[in-house]
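I have a structure here, written as structure tokens, and I will follow up with some questions on it.
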Amino acid sequence: MPDSKRFLHPDALARISRLDLRAKQIVEGFLSGAHRSPFFGHSVEFLQHREYVPGDDLRHVDWQVWARQDRLVVKQFEEETNLRCYLLVDSSRSMEYAGGGISKFEYASTLAASLAWLVLQQHDAVGCLTFDDDIREVIPASAAAGHLPTIADRLSRTTRREASRWDTIFARVAEVFPRRGVMLVLSDFLGDDRQIVKGLRTLAERGHEIAALQVLDDDELDFNLEGPTRFEDLEAEGFLACNPRALRDSYLAAVQEYLDRFRHGVAAAGMQYKLARTSRNFGAVLAEFLTEWQARIRR
Amino acid sequence: MPENLFSNSPAVWIALAAGLLAIPVLIHLINRLRYRRVPWAAMEFLRISQRKNRHRLWLKQLLLLLARMAILSVLLLMFSHLGCRDTSWTNLLGRGVTHHYLLLDDSLSMSASDEAGTSGLERARQTALKILERAQGKPGQLLSVLRWSQIPPPAETAVGDSQAPPPQWNWQAQLLDRQTQDSIVKFLESLPRSALAAGPEPVADIVEQAIRSRPDETAIVYWLSDFRHEDWRSDHRMPRRLESLREVAQRIELLRCDTVSRENLAIRQLRPVGNVRAVQVPIPFSITVDNFGQSSARNITVSLNQRPISSPDGKQIVQGDREPLPNLFIEEIPPGGSVTRIFNTAFAEPGSYLVRAELPTDPLREDNLREAVVSASPARRVLVLEGPTGNAAAPFLERALGAKGLTGIAVETRPLDYLRDPVDQSLEEYDVILVSAVASLDQAAVGRLEGFVERGGGLAWFLGPELDRAFFEQSLYRGGQGLFSVPLAGPVEIPSRGSEDPPDVVASQHPLLAALRSLRNSPLDLVQIKRVYVPAPEWRESREGSTEPARDVDLPCTLRGDPRRPLIVLDRFGRGRTALVMTTAAPTWNNWARNPTFVVVAMLLQDHLAAGRYPDEDLIVGRAWRWPVHPGDSETLLLQTPVTAERPGESVLLEPQSLEGGGAEFCLSRDVTGRCLNDEPGVYAVTVPAAGPGGRTTLHAVGVDCTESSLETPTASLLTARFGKQAQVLAWDEFHAALEQVPASPLTRVLLVLVGGLLLAESALVYLNSYHPRSSP
């Protein structure tokens, strides 16, 4: 492992208290590798032709095509602004869980800051939002060079945590960020997967490109706990006392079934999905995510 | 409740079992309370998992708990005496003291030798040394040694003193250190043979008692014996005794020190026949030889000899020259049978003589030799007391018994006044007193006669017309407690005999006159009885319809065969014998005195009545001997034991012991330490010092107990079949110093298999209750 990547391990990065510096460390390490950002080249204006229909603005008719082919087509253009990227970070109580070292929220925040740094490096705008049962922090999109410390600072100060409300939260997000853009949702997505997918689909229908980064702890995925344990619900009243060994097989089966169902739901909605273990180094996760994103764009 | 290793108390046992069984339950409950708190996000998956597995998990946990409790239960059973017989278990639990009990059979039969001259006792000694070697060098080893001969036979403890001497262990619970081992080795190397008879039953009782008194030890019992069939046969009580012993002993080993059944002949009895022991007349002896072998013994020569052992006046013991007697030849003795022969001896001088009979050498030499002591006097004295009426019976009796000195009997006739003097000691010089034609006696005279008979004298009373019936009833009959136990009626006249009537005198089966029954044309048939006394009606009614003699009296002859009208009634009184003759001695009521059979009957009657003078003619080693204390005897009795090659003789003073019914006796039994003073065959001298000068010394020949002469031993398989469940049966040469592991009992095996199964089940349950990652494909 190159030295630059060695420092991308969550345990090492956790020692950097400032999130913007942490993000810078990640992205610089990441960029020094083989990967390139998939967000380059989005300044092209022309997109495609389509048949003219009554009502279309005549300014958009391509007269050269009419002169050569004697048919009316309309030129469609990309927005002339730079890419807008929205980072939605789940700050609900379930994100507090930290099995070994870094919590899921910290991991998601670090990823979000790293992505923000990447976007800002492209001179594109990036905005951020934290949510639980409601929207807690909103940082409007901006391409200003000093925007990252703002995002990092707000993410670091996010403390109020409640249970997620997947049925309403994405409708609220759509209202906060009406302009289309790339929307990266970082959460553990623990809840009713149908509701979650339905919410994400709502955002997609508003013209957003959606990517779901599911952040889960190793304990939640592998369930290697020992001894009699009293599991206390982080988001509701209640507990369950058991020997984790005895329940492990069926627990893992239930988790796997849920993940498969959620992944298929997200994919079916045309969205990007990435599972991030909190034990993995950020650079690898970012690289995999961006590679998959680039491949998806090319398709 | 079985006895267990930890305690004999059921309460402690129950508490222990309950405590141990509660352990897994407590662990189970504590584990359930000892939960780690973990805040958890993915609760939904846990709930799903728990819903799916709830019943299965509950069942697994329950099974695990039950399996652990069952393991503890079975282990408890194994550690208890129910299932655990292995010393390694007990040593593990701290019960490390092993007590070796050596039960050494040194009875007479163990002296039997094989062809090489090695006796069973020698083999037992070698085996005992191996046992010592087995225990050597191990910590916590105790040893107790018991010689069987140290234990009084059951018969002696039953009839002897209420306070039987305690069993004497030669070594009792000795810690086997170097010094003790050296001492025991020396003891075993010089182990003396014993001529005593001893059986295993009392030994089993004693060792069981000893083991029960030391419950904290592991007991191993070694029986070193020849296991003779007589002692260990299956209908014997030994199987039950061993079973009882097995409950307390961890291990029992039957070590056979003689594995071959040997042929053996033994002289069971040698004694004078008849009771006229006088010089110059033949004194017949009876000898009985038993064949204890499995095949017939043929052409047996018994060598005989005699020698004087006292001076003529009987006051000094001498070692006279041995005078051979003609050998006895016995053609055949069947297996298990016996043959009795009579031979005559005669002595020229008065004094005590030792007659010895000896068989050819066989495996057991001690029972081939038998000795008898006979004291020959110038003549045996008979006193005739005749009443003043003068019916002149004395001449007939003198002629019949004295026969001009040829019979060895001296008859003296004295008047009744002789009884009025204090003549107790003088009366002792007579064997028999004959009373004839006497009406009555004063009470002092009757008392003297009773004392005379009580001490072994013989008394015959000839009834006649002079008899005072009231005197008889009050003094002689005394309600059945007097000298004679038959009440009288009559006298009655006897009518002349018809041609079809039986003879007036009919001899019965009683040995006294049985010889006269078989005579043809017997002169006895010519005897005429004219007048007799008859028993009182109540006695006759009790005899109505009975052809058998009364229980306590003998009727050697009856009037015309009618048992209700006996002519002679034989009875016993104390140590002596009495005869009540229902008719006169003189030819007053009969003509018997003129009949030739009168001499025979008088001689036989004298012999019968004198028998009380010769008790204890068959003394056996190890058994209790008793001598009455006579008036005028001193307070002590001096016993002198014989001199043997192994040890010098010794003198022992015996104190008289009071008897329950009055009187006193000297008794020779084991002393308070259990030591047996009469454990060697030979001639013992018993001296009763008189209150004044002198005293009397009698010599007694003592023989071995022929119950030890049967050398038949069961085969190993037979012994194993009888005792295999209780003990391990080994021949002496199969025994090794290294302890063989006892095969586990069937119960132990079952418990071990059960524990193994339960442990496997417990492991499987633990495996099922834990997580095991699947190998990645």
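Out of B:GLU398, B:GLU366, B:GLU349, B:GLU332, report the one residue that is modelled with pLDDT of 90 or more and among the charged types (D, E, K, R).
Only one candidate qualifies: B:GLU332.
Being surrounded by 17 or more Cβ atoms within 10 Å (Cβ to Cβ) and closer than 30 Å to B:HIS700 by Cβ is true for just one of B:ARG228, B:ARG256. Which residue is that?
B:ARG228
Here's another thing I want to ask about it. Would you mention how many residues in the range A:82-116 are crowded, with 22+ Cβ neighbours inside 10 Å, more than 15 Å from the chain's Cα centre (by Cα) and among the polar types (S, T, N, Q)?
Looking only at that region, the number is 2.
Just to verify a result, which residue in the range B:216-254, among those that are more than 18 Å from B:PHE735 (Cβ to Cβ) and touching an Asp or Glu at 6+ places or on another chain (Cβ under 7 Å), is modelled with the lowest pLDDT?
B:ARG237
Run down B:VAL25, B:VAL97, B:VAL74 and say which single residue is modelled with pLDDT under 85 and within 30 Å of B:ILE151 (Cα to Cα).
B:VAL97
How many of the residues in the range B:426-464 are closer than 26 Å to B:PRO566 by Cβ, polar (S, T, N, Q) and part of a helix (DSSP H, G or I)?
Qualifying residue count for the region: 0.
Got at least one residue in the range B:195-206 being over 17 Å from the mean Cα position of the chain (by Cα) and either among the hydroxyl-bearing types (Ser, Thr, Tyr) or surrounded by fewer than 21 Cβ atoms within 10 Å (Cβ to Cβ) (or both)?
Taking every residue of the range B:195-206 in turn, at least one turns out to be over 17 Å from the mean Cα position of the chain (by Cα) and either among the hydroxyl-bearing types (Ser, Thr, Tyr) or surrounded by fewer than 21 Cβ atoms within 10 Å (Cβ to Cβ) (or both).
For the range A:138-167, how many residues are over 17 Å from A:CYS85 (Cα atoms) and in contact with a Gly (Cβ under 8 Å, 6 or more places away or on another chain)?
3
Which members of the range A:111-127 meet the condition of being modelled with pLDDT of 90 or more and touching a Pro at 6+ places or on another chain (Cβ under 9 Å)?
The answer is A:GLY127, and nothing else.
In addition: Give me the residue from the range A:246-267 that is of a type in the set (A, V, I, L, M, F, W, C) and surrounded by 16 or more Cβ atoms within 10 Å (Cβ to Cβ) and, out of that set, farthest from the other protein chains (Cβ to nearest Cβ).
Restricting to residues being of a type in the set (A, V, I, L, M, F, W, C) and surrounded by 16 or more Cβ atoms within 10 Å (Cβ to Cβ), the top hit is A:VAL266.
Taking into account only those residues within the range A:224-245 that are under 15 Å from B:PRO39 (Cβ atoms) and outside any strand (DSSP E or B), which is nearest to the other protein chains (Cβ to nearest Cβ)?
A:LEU234
Restricting to the range A:205-233, what's the tally of residues that are crowded, with 20+ Cβ neighbours inside 10 Å and either over 28 Å from the mean Cα position of the chain (by Cα) or over 23 Å from A:ALA269 (Cβ atoms) (or both)?
Residues flagged as crowded, with 20+ Cβ neighbours inside 10 Å and either over 28 Å from the mean Cα position of the chain (by Cα) or over 23 Å from A:ALA269 (Cβ atoms) (or both) within the range A:205-233 amount to 8.
While we're on this one: Do you know which of the residues in the range B:31-62 that are in a helix (DSSP H, G or I) and under 18 Å from A:GLU96 (Cβ atoms) is farthest from the other protein chains (Cβ to nearest Cβ)?
Among residues in the range B:31-62 that are in a helix (DSSP H, G or I) and under 18 Å from A:GLU96 (Cβ atoms), the one farthest from the other protein chains (Cβ to nearest Cβ) is B:GLU44.
Also: For the range A:243-263, how many residues are over 25 Å from A:GLY227 (Cα atoms) and either in contact with a strand residue (DSSP E or B) (Cβ under 8 Å, 6 or more places away or on another chain) or aliphatic (A, V, I, L, M) (or both)?
3
The values are calculated or read from the model by the stated rules, or taken from the named source; none is laboratory data. Note that the structure is predicted; figures quoted are calculated from it, not measured. Every residue, glycine as well, gets a Cβ built from its backbone with ideal geometry; the counts of neighbours run over all protein chains shown.
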